[in-house]
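S.K.: My questions will all concern the structure given below.
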Amino acid sequence: MALLDFLNRGKDDDAPKVAPVLPRDIYAAGKLELADTIAPAALKVSSKEIELGEKVSRTFYTISYPRYLTDSWFTPIINLDKVFDVSIFIHPMDTADALKNFQKKVAEVQSQISDRESKGLVRDPLLDTAYQDLETLRDNLQQAQEKLFDVGLYMTLYANSKEELDKIEGDVRGILDSKLVYTKPALFEQEQGFRSTLPVAMDELEVHNKLNSAPLSSIFPFVSFDLSSDRGILYGINRHNASLILFDRFSLENYNSVVFAKSGSGKSYAVKLEILRSLMFDTDVIVIDPEREYEYLAQATGGRLFNISLSSEHHINPFDLPFVKEDEEPSDILRSNIINLVGLFRIMLGGLSPEEDAIVDRAISETYALKDITGDANFNGMEPPLLSDFENVLSGMEGSQSLVTRLTKYTRGTWAGFLNRPTNVDINKQFIVFSVRDMEDELKPVAMYIVTHFIWNAVRAELKKRLLIIDEAWWMMKSEDTASFLYSLAKRGRKYYLGLATITQDVEDFLRSPYGRPILTNSSIQLLLKQSPTTIDVLKETFNLTDEEKFLLLESGVGEGLFFAGLKHVAIKIVASYTEDQIITSDPSQLLAIKREKQRQEMEKDV
C-alpha cells in the first residue's frame, strides 16, 4: 500500500486528496518528491499491528484514569528509552452544556443516596465520594476556576519485530497499570490509530475521557530529561527528546571534564568539536597531543603546533621558573618549583631512594643559587640554569655517582637534545598544540610532565580563560608524580580560570591510580562514549549506572553515550556541521579523500 493512499484513507470524500505516486511515474519524471523519500517500501495492516517496511508498530488508547492524577505521572513514559509517538487530543466542552449534564448526574447520585437512607441501608462511601466530587467540580465550573475537556491519549510503539514490540508493550502498560491508568490496543483500528499519532492533527480513534483542567495539566508531555543552560557551546543532541545540550563549563563549580571511551568511539572527535566551538567564545585552548591528531585543526584555526621530540627544534627547559606575582613570596614559588623538579627527576631516573631524593633536592637548590636565584629576592626575568648545570653540581656531591650516571643520557647521550637547551617555545596564540607523537614511548611521560609544567607556569603568569586538553591521559597516570601533578591542576585550575579536560581510553589504568578518582570527583563534566565489555562494570560502579545505561554504552554508535553535568545526566549524540566535520575528522578514509581533493585542486591550478 502506498503511503499517500494510506494517509488519504478515512478522509472525507469532499476533502482534497493527494494523488498516489507510482514507481513508473517516478521513473518517468526522473525525480523523487518528499513523500517518495520518507515513505516506507511497503505497508501491511493487521488487526493488532502495522508492518512499516522493516519496522512494526502498534497503537494504544487510554480508557480510564484514577480518581486523582499526581503531577508528572506521565514522565516515566516520556523518558522511556524506546521509540514511540504520543498524541494528545484536547476538545474543549461548552461549560453551560456540561453544567446541565452535571445537574442531572448530581440529582441521580443524590437520589440513590436518599433511597438507601429510606431503606435503612448502610451508607455507600463510593456514592458519598462521587457526590462530593461532582458538587466540587460543579462549583469550580460555575466560578470559572475549571473547564471541562474531552481528551484522547494515544500511543504508537515501534520495534524491529513483533517479539520486541510485545516486550515494549508489556513495559509501557506495566508502568501505566501501576498508576491505575488503563489502556487497550486499537484492535482492527490500527490504521486509524497510526494516523491519529502522526503529526497531521487527525483524531480518527475518537476514544475520549472527560477531564477537567487540573488532571489534564498533569499529562503535560514536555517533561523529558533536559540538560541545558542559557549560554555556552553545543555539546550534542539529547537522545531522549532531540533537545540541545548547551553548556558553559566555566559556569560550573569547577571547569574540569573527563572523557572515557574505547578506541574509535569518537572521543577525540567530540573534544575537537568542543575546541572549535570554544575558540569562537574567546577561550584559549592548549592541547597535549600524543598522536598528532590536532595538527590539521591547529592549521585550520590559525593556531600553532610544537613538535616535542628528540630531533625537534622546539625545546623546553625544565628549570624555567614561574612568574612571581606581587602578592606571592619568591621563596614559596621557588620551593614549589623545586618540589616539582624532584618529581620530574624521579620519572627521568627511574625512581629515587630516600637518600637520592635528598641529594637531588639539595643539588637543585644549589644549581639555582649558581645563577643567583634564591628565595630572598624576586627572580623574575633572570636566566634559569640548564640540565648540564645541574649535572655539574650533582657530580661534585658525595653519594651522587649513580645519579650522575643515569643523568648522562639526558645531558650528553642520545636524549641530550630534548632537555638540555633553553626554552624557545612561545605560546602567545589562542590555540596551541604540543605533539609528543614522535617522542619515544619511554620518554612520553617525561615530555608530558615537562610540557604540562610549562603550561602551568604560563597559566599562573597571566589570567585568561583557558582550556587545557590532555589526550590519552593514562600516559600521565602511569607515574605517581605525573598523576599527582595532574590532580593538582584539577584542584587549583579554577583559581586561574583554567579548565582541565582529560581524555583516556584506558579506563581501568586511569581509575586504578590513587589520583584517578579524585580527578574524576573534581570534574564537573563527564562524557562516557561507547565502552568495551571489559571496562563497563568498572564504569557502572563508578558512575552508579543503571542496567539500561550500561547496555546503552555497550550498544552506542560512534559519538553516542552519556553526558554528565553535576548531578544530572542524559544520553547524548555528538553532531557536527559539514564544515566542522571536514576540519576535525580523524577518519583515515575522510583524511585521504581530503588530501586527494587538495592534490586535484593544485593540479588544476598548475594546468
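Taken together, the values in this text are just the output of simple stated rules run on the coordinates, not laboratory data. Predicted model only: the values in this text are computed from it and were never measured. Don't worry about glycine lacking a Cβ; one is built from the backbone with ideal geometry, like all the others, and counts go over all protein chains shown.
S.K.: Below 10 angstrom from the Cβ of M397, what's the summed charge of the other residues (Lys, Arg +1; Asp, Glu -1)?
M.R.: Local net charge: -1.
S.K.: What is the angle, in °, between the Cα long axis of helix 125-142 and the longest principal axis of the Cα atoms in the chain? Nearest 10 is fine, range 0 to 90.
M.R.: Helix 125-142 and the main axis of the chain meet at about 80 degrees.
S.K.: Can you tell me the FRET efficiency between T70 and R512 if r is taken as the Cβ-Cβ distance and R0 is 56 Å, rounded to the nearest 0.05?
M.R.: E between T70 and R512, to the nearest 0.05, is 0.80.
S.K.: Okay, moving on. Can you tell me the dipole magnitude for the chain around its Cα centre, using point charges on the Cβ only (Lys, Arg +1; Asp, Glu -1), in Debye to the nearest 20?
M.R.: 420 debye
S.K.: Helix-only mean residue ellipticity at 222 nm, the chain, DSSP H runs n ≥ 4 weighted -39,500 (n - 2.57), per residue, nearest 500. What is it?
M.R.: When only DSSP H runs of four or more count, the value is -13000 deg cm²/dmol.
S.K.: Going by alpha carbons, how many degrees (0 to 90, nearest 10) lie between the helix axis of 95-118 and the longest principal axis of the chain?
M.R.: The helix 95-118 is inclined about 70 degrees to the chain.
S.K.: Can you give the translational diffusion coefficient of segment 385-459 in µm²/s, computed by Stokes-Einstein from the Kirkwood radius over Cα pairs at 10 °C and 1.306 mPa s?
M.R.: Translational diffusion coefficient: 112 µm²/s.
S.K.: Once fully extended, how much extra length lies between F323 and S577, figured as 0.36 nm per residue of separation less the alpha-carbon to alpha-carbon distance?
M.R.: Extra length available between F323 and S577 comes to 87.3 nm.
S.K.: Now, a different point. Would you mind computing, in nm to one decimal, how far apart the modelled labels at Q299 and Q132 are, each placed 7 Å from Cα along Cα→Cβ?
M.R.: 7.9 nm
S.K.: Test of the criteria: in segment 487-522, which trypsin sites (Lys or Arg not before Pro) are in a DSSP loop and have at most 16 other Cβ atoms within 10 angstrom of their Cβ?
M.R.: Sparse-neighbourhood loop trypsin sites (Lys or Arg not before Pro): none present.
S.K.: Another question about this same structure. Distance between the C-alpha centers of segment 286-358 and segment 398-465? Whole Å please.
M.R.: Centre-to-centre (Cα) distance: 5 Å.
S.K.: Something else about it: Need the full-extension length gain, Y497 to H314, defined as separation in residues times 0.36 nm minus the C-alpha distance. One decimal, nm.
M.R.: 63.2 nm
S.K.: Using only Cα atoms and rounding to the nearest 10 degrees, what angle (0 to 90) does helix 480-492 make with the longest principal axis of the chain?
M.R.: 60 degrees
S.K.: Can you give the net charge of the other residues whose Cβ lies under 11 Å from the Cβ of G499, counting K and R as +1 and D and E as -1?
M.R.: Around G499, the charge tally is +1.
S.K.: Among Y61, Y497, which comes first, second and so on when ranked by fewest other beta-carbon atoms within 10 Å?
M.R.: Y497, Y61
S.K.: Give me the extension gain from K568 to S161: residue separation times 0.36 nm, minus the current Cα-Cα distance, reported in nm with one decimal.
M.R.: 143.2 nm
S.K.: Another question, then. Which part of segment 290-313 falls in the paramagnetic zone of E440, meaning amide N under 17 Å from the point 7 Å along Cα-to-beta-carbon?
M.R.: Only 308-312 fall inside the zone, counting backbone N under 17 Å.
S.K.: Using only the Cα atoms of segment 317-422, build the gyration tensor, take square roots of its eigenvalues as a ≥ b ≥ c, and label the shape rounded, prolate or oblate: rounded if a/c is under 1.5, else prolate if a/b is larger than b/c, else oblate.
M.R.: Prolate, because a/c is 1.5 or more and a/b exceeds b/c.
S.K.: Out of segment 348-419, which GluC sites (Glu not before Pro) are coil in DSSP terms and have no more than 14 other C-beta atoms within 10 Å?
M.R.: E398
S.K.: Let me ask something else. Could you give the distance between the Cα centres of segment 506-568 and segment 45-83, to the whole Å?
M.R.: First find each Cα centre; the distance between them is then 31 Å.
S.K.: Just to verify a number: FRET efficiency for K605 and E291, C-beta to C-beta distance, R0 = 35 Å, to 0.05?
M.R.: After rounding to 0.05, the efficiency reads 0.65.
S.K.: Separate question: Evaluate the charge dipole of segment 317-422 about its Cα centre and quote only its size in Debye, nearest 20, assuming +1 on the Cβ of each Lys and Arg and -1 on the Cβ of each Asp and Glu.
M.R.: 660 debye
S.K.: Place +1 on the Cβ of every Lys and Arg and -1 on the Cβ of every Asp and Glu in segment 317-422, take the dipole about the Cα centre, and give the residue among A369, N337, A416 whose Cα lies farthest towards its positive end.
M.R.: Projecting each Cα onto the dipole axis, the largest value belongs to A416.
S.K.: Which Cα, out of L500, A300, A107, lies furthest along the positive dipole direction of the chain (beta carbon charges, K/R +1, D/E -1)?
M.R.: Going by the Cα projections, it comes out as A107.
S.K.: What FRET efficiency comes out for the pair A42/K429, r = Cβ-Cβ distance, R0 = 56 Å, nearest 0.05?
M.R.: Efficiency for this residue pair is about 0.45.
S.K.: Out of segment 211-270, which trypsin sites (Lys or Arg not before Pro) are coil in DSSP terms and have no more than 11 other C-beta atoms within 10 Å?
M.R.: R231
S.K.: Next question, about the same structure. To the nearest 20 Debye, how big is the dipole of segment 243-383 about its Cα centre, given +1 on the beta carbon of each Lys and Arg and -1 on that of each Asp and Glu?
M.R.: Dipole of segment 243-383, to the nearest 20 debye: 820 debye.
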